[in-house]
Amino acid sequence: MSTIAIVVIVLAVAGGITYLLMKKGKIKDTNNNNIPDAIDEKVEEVKEVVKETKARVKRVVEETKDVVAAVKELGKQASHVAKATKSSEARKGRKPAAKK
């Protein structure tokens with residue numbers, strides 16, 4: 001027999017046993033949707049974790065964009081150091097901030 005057939009048979013037997021235990025009352029199913037309450041609870045927990053993870057990913061992306069912008073600005077200003085070492089001119093000073 002192929003591996004897939006064995007897996008399907010094992011899952012069918014496990015599902016049947018779970019169904020019988022739910023009908024006998026050994027496994028709780030308070031809303032009678034043929035899904036054990038333990039599984040319902042775990043699914044809700046996973047949904048909460050996914051929601052929190054999405055929020056964290058969004059914040060990380062925002063911070064990454066800020067860091068990239070800062071690195072680009074640093075790259076632009078790094079050339080000023082090289083120019084300053086080559087010439088003896090007075091420092092020009094800071095450029096005025098652009099209005100947004």
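The values are calculated or read from the model by the stated rules, or taken from the named source; none is laboratory data. The shown structure was predicted, so the numbers you read here are calculated from the model rather than taken from an experiment. Cβ atoms come from the backbone with ideal geometry, glycine included; neighbour counts cover every protein chain shown. What goes into the accessible areas is simple: the full protein's heavy atoms, side chains included, and nothing from ligands, DNA or RNA. Shrake-Rupley method; radii C 1.70, N 1.55, O 1.52, S 1.80 Å.
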Per residue, what accessible area does the chain have, given a 1.4 Å probe and all protein chains present, in Å²? 97 Å²
Residue by residue through segment 78-85, which ³J(HN,Hα) values in whole Hz follow from phi under the Karplus form 6.51 cos²θ - 1.76 cosθ + 1.60 (θ = phi - 60°), with glycine and proline marked x? 5, 5, 5, 5, 4, 5, 5, 6
Under the Karplus relation 6.51 cos²θ - 1.76 cosθ + 1.60, θ = phi - 60°, what is the ordered set of whole-Hz ³J(HN,Hα) values for segment 28-38, x standing for Gly and Pro? 6, 8, 5, 9, 6, 9, 6, 10, x, 4, 4
With a 25 Å threshold on alpha-carbon distance, the violating pairs from K72/K99; K58/K99; K76/K99; K51/K99 are K58/K99; K51/K99
Quick one: which residues, 5+ away or cross-chain, put their amide H under 5 Å from the amide H of I27? H built at 1.01 Å from N. M22
Measuring from label point to label point, each 7 Å out along Cα→Cβ, what is the A5 to D66 span in nm? 6.0 nm
Phi to ³J(HN,Hα) by Karplus 6.51 cos²θ - 1.76 cosθ + 1.60 over segment 46-62, Hz, x for Gly, Pro: 5, 4, 5, 5, 5, 4, 5, 5, 4, 5, 5, 4, 4, 5, 5, 5, 4
If you put +1 on each Lys and Arg Cβ and -1 on each Asp and Glu Cβ, how big is the dipole of the chain around its Cα centre, in Debye rounded to 20? 1160 debye
Heavy atoms only, probe 1.4 Å: what % of the accessible area of the chain goes to carbon and sulfur, would you let me know? 62 percent
